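Working notes, structure below.
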Amino acid sequence: MEGGPSAAASPTFRDLRHLALPLYLPSFATAIGQSLVVSVLPLYVKSSLGADVATVGIVVGMQGIGSPLSGIPAGFVVDRLGERFGILLGAAVTCFSYAACAVIAIAFVPGSGIEAGSHAALGGAVSLLAMARFLTGIGLGTFQVARTGWVKEAVPKGLRGRANGLIGGC
């Protein structure tokens, strides 16, 4: 049976090597950064800022709100300016949001000059962290839309499922 799935000319994983640096490396770096933030953020918000469990959930969950809300606008950006621009924009927004989280965390640690009893200041820190996490969601959502489009354009049809599977968790 010629031309079937087991044809000798079917694409292989070797055909994905050209995507290692521009696509898989940023996806891997994003996954590592995300894992680091998500593992530490709830502890920081609860212990250092004194937030209750519900507030911790809101701060962490804001990313889950920002990501799907960015899908349609990100699609327009990618259609108009291209997948590479979308990936760079998403990565830049994500990096900015991680940096904002770090600055907020450093500014609101015990002994930083903000009294532990200042509920307004600590509440402000929680709100800022929630906004930064929302921005993380927007950045990651934009990155993911652009990345999926890039895979569709850059990968042969017979490898698209495997290519997306390799980055599916990142």
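The values are calculated or read from the model by the stated rules, or taken from the named source; none is laboratory data. Values in this document were obtained by computation on a predicted structure and should not be read as measured data. Backbone-built Cβ (ideal geometry, glycine too); neighbour counts: all protein chains shown. SASA here: full protein model, heavy atoms, side chains in, ligands and nucleic acids out. Shrake-Rupley method; radii C 1.70, N 1.55, O 1.52, S 1.80 Å.
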Would you call Ala125 small (Gly, Ala, Ser), assigned to a helix (DSSP H, G or I) and either within 25 Å of Leu23 (Cβ to Cβ) or at pLDDT 85 or above (or both)? yes
Ala130 passes all but one of the listed conditions (1) more than 14 Å from the chain's Cα centre (by Cα); (2) at pLDDT 95 or above; (3) open to solvent by 50 Å² or more (accessible area, probe 1.4 Å); the exception is number (3)
The residue that is most open to solvent (accessible area, probe 1.4 Å), considering only those in the range 44-62 that are of a type in the set (A, V, I, L, M, F, W, C) and under 19 Å from Thr94 (Cα atoms), is Ile58
Q) If we scan the range 25-43, do we find a residue that is open to solvent by less than 50 Å² (accessible area, probe 1.4 Å), modelled with pLDDT of 90 or more and part of a helix (DSSP H, G or I)? A) yes
In the set Leu81, Leu16, Leu23, the lone residue that is out of contact with any His (no Cβ under 7 Å at 6 or more places or on another chain) and over 15 Å from Phe143 (Cα atoms) is Leu16
